[in-house]
Amino acid sequence: MDAGLLLVLGAAGGSLRALVDVYNQTMAWQEARREYRRAADGEGDDPPPRFGDYFDPIPDAVAALVHMGMGAACAVLFGLSGQISGVYAALVVGVSAPALLTQLGRVQTVGEAVTGPPVPQGTEVRVEP
């Protein structure tokens with residue numbers, strides 16, 4: 001698969017992640033309205049929960065773009081390194097890009113696992129007997 005197709009598929013996977021977020025927000029709003037109706041039973045002057053209380057267009061749009069960028073980058077990295085092949089795999093990498101990048105950030109190199117984390121320069125290292 002070429003890099004252009006991997007970019008598109010990864011970004012599409014990232015947009016699916018954003019759609020899942022919108023779905024979760026919509027379900028939370030729906031549940032809040034149901035709770036309001038159960039609790040109110042025609043009493044009180046408080047309005048029902050508004051959709052705007054659960055969905056903020058600007059931050060949610062920015063988050064969607066970030067998810068798409070992360071998905072595109074991960075699909076290209078995984079695809080060009082030969083770790084994935086195929087359309088479905090590129091989409092899945094795009095959807096799961098935030099979790100994948102978090103895990104990659106936690107990976108220790110073999111040297112760090114054996115000798116411990118690197119010591120910043122200028123720090124005195126003391127070895128106790």
Rounded to the nearest 0.05, FRET efficiency between residue 20 and residue 103 (Cβ-Cβ, R0 22 Å) equals 0.70
Solvent-accessible area, 1.4 Å probe, carbon plus sulfur percent, for segment 1-112: 64
What full-extension length gain, to one decimal in nm, is calculated for residue 50 and residue 87 as 0.36 nm per residue of separation minus the Cα-Cα distance? 9.4 nm
Taking a ≥ b ≥ c as the square roots of the Cα gyration tensor eigenvalues, with a/c under 1.5 meaning rounded and otherwise prolate when a/b beats b/c or oblate if not, segment 3-77 comes out prolate
Added length on full extension, which subtracts the Cα-Cα distance from 0.36 nm per residue, residue 36 to residue 60: 6.1 nm
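The values are calculated or read from the model by the stated rules, or taken from the named source; none is laboratory data. These numbers come from a predicted model, not from an experiment. Every residue, glycine among them, receives a Cβ derived from its backbone with ideal geometry; neighbour counts consider all protein chains shown. Accessible surface areas use protein heavy atoms only, side chains included; no ligands, DNA or RNA. Shrake-Rupley method; radii C 1.70, N 1.55, O 1.52, S 1.80 Å.
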